[in-house]
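Q: Handing you a structure now.
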Amino acid sequence: MLMLCMFFHICITMCEVELNTRVYVKMVLHAAHYPHSTVSGVLLGHHTPSCLTLVDCVPVCHLQLPLSLSLEVALAQIDSWSALQGLVIAGFYQANAGLRDTSINCVALKAASLISEYQEEAVLILMENERLSSYPGVPPLTVFHQNANKQWVPKEKTLVMWGHWEETQRITRQLLQAKAYQQLIDFDNHLDDIRADWTNQALNVEIARLSAAANGSM
């Protein structure tokens, strides 16, 4: 009975993470828009006791490491907007400027740790530039989570799920070829021009259209 209880406890605490098409496409487009800069953003999703599903992201920064104040402003606005969509801030992502740079900067770690105080299963995603391509084969990123010691460590690969990965790759290729990354707006752009839509609704609509076409529902 004791062994059964221990096994059950392990199962319910090892939360799966699932990424959908929109969140992956927008992270890649953010990196493609600013290939010589480190970019970062906020992950949005919803969760059950056994699974965190990432369904969208908000690109935040590309100019430099965001100041604490501007990051707090971005997180506050994103939190308010995501709540209206029935979503929660579920993590942070980063793509480095250097091709082989796999380090995570202090701002991303601080932001992810702050988010994890409110969302226990929050994740930190590092895009791997060296594997970013039109035909990546396997997803070119690493998903991190906090262990019992509050350290960010890679999540077990078997606990990272992908919804429609082949379709996601096709849509990503289509939008890269169409240079759709030029339409992507991050919070840095919004601070320069408050009319700029950091929620990227036009891009979300285009991704949904391509997904519907791929599934034959148009």
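The values are calculated or read from the model by the stated rules, or taken from the named source; none is laboratory data. Remember, predicted model here, so these are calculated numbers, not experimental data. FYI the Cβ positions are ideal-geometry reconstructions off the backbone, even for glycines, and counts take in every protein chain you see. The area values use the complete protein model at the heavy-atom level, side chains included, leaving out ligands, DNA and RNA. Shrake-Rupley method; radii C 1.70, N 1.55, O 1.52, S 1.80 Å.
Q: Just name the residue that is nearest to ALA32 (Cα to Cα) out of those in the stretch 82-112 that are among the small types (Gly, Ala, Ser) and open to solvent by less than 40 Å² (accessible area, probe 1.4 Å).
A: The first filter runs over the stretch 82-112 and keeps only residues among the small types (Gly, Ala, Ser), leaving 82-83, 86, 90-91, 95, 97-98, 103, 108, 111-112.
Now restrict to residues that are open to solvent by less than 40 Å² (accessible area, probe 1.4 Å): 82, 90-91, 95, 98, 108, 111-112.
Working: SER82: 25, ALA90: 23, GLY91: 21, ALA95: 10, GLY98: 13, ALA108: 19, ALA111: 22, ALA112: 23 Å.
Only one residue fits best here, namely ALA95.
Q: So which residues in the stretch 95-128 are without any contact (Cβ under 8 Å) to a residue 60 or more places away in the chain and in contact with a Cys (Cβ under 9 Å, 6 or more places away or on another chain)?
A: GLU120
Q: Any residue that is among the basic types (Lys, Arg), closer than 20 Å to VAL28 by Cα and in contact (Cβ under 8 Å) with a residue 40 or more places away in the chain - is there at least one of those in the stretch 161-173? Spell out how you get there, then give the answer.
A: As a first pass, look at the stretch 161-173 and keep what is among the basic types (Lys, Arg): 170, 173.
From the residues that got through so far, the ones that are closer than 20 Å to VAL28 by Cα too are 170, 173.
In the following step, the residues that additionally are in contact (Cβ under 8 Å) with a residue 40 or more places away in the chain were identified as 170.
Checked the stretch 161-173: at least one residue is among the basic types (Lys, Arg), closer than 20 Å to VAL28 by Cα and in contact (Cβ under 8 Å) with a residue 40 or more places away in the chain.
Q: Go through the stretch 1-36 residue by residue and tally those that are assigned to a loop (DSSP other than H, G, I, E, B), at pLDDT below 90 and open to solvent by 60 Å² or more (accessible area, probe 1.4 Å). Lay out the reasoning, then the answer.
A: Step one: list which residues in the stretch 1-36 are assigned to a loop (DSSP other than H, G, I, E, B), which gives 1, 14-15, 20, 34-36.
Filter once more, so that each one left must be at pLDDT below 90: 1, 14-15.
Checking the rest, the ones that are also open to solvent by 60 Å² or more (accessible area, probe 1.4 Å) come to 1, 14.
Going through the stretch 1-36 one residue at a time, the tally reaches 2.
Q: State yes or no: is ALA74 open to solvent by less than 10 Å² (accessible area, probe 1.4 Å) and under 21 Å from TYR24 (Cα atoms)?
A: On the way: open to solvent by less than 10 Å² (accessible area, probe 1.4 Å): yes; under 21 Å from TYR24 (Cα atoms): yes.
Yes: the conditions hold for ALA74.
Q: Go through the stretch 172-210 and give me each residue that's part of a helix (DSSP H, G or I), touching a His at 6+ places or on another chain (Cβ under 8 Å) and open to solvent by less than 40 Å² (accessible area, probe 1.4 Å). Working first, answer last.
A: Initial filter on the stretch 172-210 (part of a helix (DSSP H, G or I)): 172-177, 180-183, 187-192, 201-210.
Cutting the leftovers down to touching a His at 6+ places or on another chain (Cβ under 8 Å) gives us 181-182, 188.
Once the filter is applied, which keeps residues that are part of a helix (DSSP H, G or I), touching a His at 6+ places or on another chain (Cβ under 8 Å) and open to solvent by less than 40 Å² (accessible area, probe 1.4 Å), the stretch 172-210 yields only ASP188.
Q: Give all pairs with beta carbons closer than 6 Å in which a residue from the stretch 129-150 that is assigned to a loop (DSSP other than H, G, I, E, B) meets a residue that is open to solvent by 60 Å² or more (accessible area, probe 1.4 Å); count only pairs at least 6 apart in sequence or on separate chains.
A: Going by the 6 Å Cβ cut-off, the qualifying pairs are PRO140/ARG131.
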